[in-house]
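Chemist: Please see the structure below; I have some questions.
The values are calculated or read from the model by the stated rules, or taken from the named source; none is laboratory data. From a predicted model like this one, the values you see are computed outputs, not experimental measurements. Note: ideal-geometry Cβ built from the backbone for every residue, glycine included; neighbour counts use all protein chains shown. What goes into the accessible areas is simple: the full protein's heavy atoms, side chains included, and nothing from ligands, DNA or RNA. Shrake-Rupley method; radii C 1.70, N 1.55, O 1.52, S 1.80 Å.
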Amino acid sequence: MLFRSCLKSHTYSLLFFIVIALLPLSILRADECSTLTATGNAEYPPYLWRDPKGGKQLLGANQYVVDEVAKRLGIVIELKDVGSWARAQEALKRGEVDLLAGAFYTDSRRHYMDYIYPAFLNTTSVVWSKPGVSDRYHAREDLIGLKGVTVIDNSFGQEFDEYIKAKLDLTYVPSLKQAFLMLSRDRADYILYEKNPGLVYAELLGYKGRFDILAPEVSAESLYLTISRQSKCNTPMFRERLAKTIRDMQADGFMDKALIQGFESWRL
C-alpha cells in the first residue's frame, strides 16, 4: 500500500515537472505570434498602394482590414511594402513575411500558402478597349485572335488563367501604365485588368474616359488573407482564429466600409 502511494506521488510529481517544463514553450509560442508581418500588391488601389510620403507602409482598403483583424485578435500585424507583387509573393513563399493581405486562389500558390476562408473582399476583372469595340464583344471567346495585354504576375483566378494559356494571345508588361500606352497606340486590341484598380489608375494616368469597360466581366474572384507555410504562426488554431475574425467582420459589415474608405483615401 505504501509502495502504491509512493508510486502515485512520484507520478504526479513527474507530470508536474513535465507541465512546468513545457509551459515556457507554450508561452514563447504565444509571444512569437503576437507580432506578425504582412505584405501585398503595392500597386493595387483602392485595395493597397505605397505611402506617397515615403517609407514602407502600405495604405488602402486591405490595410483597414488587416488593422482591424489585428485589433480584434489583440496582436500586431506590420503591413509593409517589400517591392513588386512578384517580390511580395516570393517573400511569403520564403517565410520572410507571415501574411499576404489579398490574393486570388490559384493551385500554384496553394503549395506555399494557406488561404483563410472566407474571402474578405471580391473583385471583378474586365476587358478594357478603345471605344467602338463593345458591339463586337459578348463573351470571352470573342477575344480569341486578338492581341491582349496585362501586367506581369497578374492572376484572374485559376479557371480563367488556364483559359488564357489555352486560347488567348496575351502579352505581359511590367505596369498598367505601359498596358494603357500600348492600347492607346494600337499595339494591343484590349487590356485584361481588374475593374476597380483600373479605374483608379486610368484617372491617375490621364486615361479617364478614353477606354471602354466591356461587359460581361471575364472573371469574378475573391481576395483572401493568406498565411505562409513557412510562418511560425501557421497552426490550425491560429488559422481558425483568423477565419473567425474575418467571418465576424463580414457579418457586421466592416468589409464594405473598408472598401469605401479605401476609395476615399485614394482620392485624397
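Chemist: Taking residue 194 as meeting all but one of (1) under 16 Å from the mean Cα position of the chain (by Cα); (2) more than 23 Å from residue 59 (Cα to Cα); (3) of a type in the set (D, E, K, R), write down the number of the exception.
Modeler: Residue 194 satisfies all of (1) under 16 Å from the mean Cα position of the chain (by Cα); (2) more than 23 Å from residue 59 (Cα to Cα); (3) of a type in the set (D, E, K, R) except (2).
Chemist: Do you know which of the residues in region 195-209 that are buried (at least 18 other Cβ atoms within 10 Å of the Cβ) and touching a Leu at 6+ places or on another chain (Cβ under 9 Å) is farthest from residue 223 (Cα to Cα)?
Modeler: 207
Chemist: Out of all the residues in region 212-230, which are farther than 17 Å from residue 154 by Cβ, surrounded by fewer than 23 Cβ atoms within 10 Å (Cβ to Cβ) and of a type in the set (A, V, I, L, M, F, W, C)?
Modeler: Answer for region 212-230, where residues must be farther than 17 Å from residue 154 by Cβ, surrounded by fewer than 23 Cβ atoms within 10 Å (Cβ to Cβ) and of a type in the set (A, V, I, L, M, F, W, C): 214, 215.
Chemist: Right, another one. Is it fair to say residue 90 is closer than 29 Å to residue 214 by Cβ and not hydrophobic (A, V, I, L, M, F, W, C)? First the steps, then the outcome.
Modeler: Working: closer than 29 Å to residue 214 by Cβ: no; not hydrophobic (A, V, I, L, M, F, W, C): yes.
Against the criterion (closer than 29 Å to residue 214 by Cβ and not hydrophobic (A, V, I, L, M, F, W, C)), residue 90 does not qualify.
Chemist: Need the failing condition index for residue 131 against (1) in contact (Cβ under 8 Å) with a residue 12 or more places away in the chain; (2) under 24 Å from residue 240 (Cα atoms); (3) open to solvent by 50 Å² or more (accessible area, probe 1.4 Å); (4) not hydrophobic (A, V, I, L, M, F, W, C), just the number.
Modeler: Among (1) in contact (Cβ under 8 Å) with a residue 12 or more places away in the chain; (2) under 24 Å from residue 240 (Cα atoms); (3) open to solvent by 50 Å² or more (accessible area, probe 1.4 Å); (4) not hydrophobic (A, V, I, L, M, F, W, C), residue 131 violates only (2).
Chemist: Considering region 138-169 alone, what residues qualify as being touching a helix residue (DSSP H, G or I) at 6+ places or on another chain (Cβ under 6 Å) and more than 18 Å from residue 123 (Cα to Cα)?
Modeler: 144, 149, 168
Chemist: Quick check on region 238-245. Is at least one of its residues open to solvent by 40 Å² or more (accessible area, probe 1.4 Å), touching a residue at least 60 places away in the same chain (Cβ under 8 Å) and in contact with a Lys or Arg (Cβ under 7 Å, 6 or more places away or on another chain)?
Modeler: no
Chemist: Could you list all residues from region 139-157 that are free of Cβ contacts under 8 Å to residues at least 60 places away in the same chain and open to solvent by 50 Å² or more (accessible area, probe 1.4 Å)?
Modeler: Scanning region 139-157 gives 141, 142, 144, 145, 146, 147.
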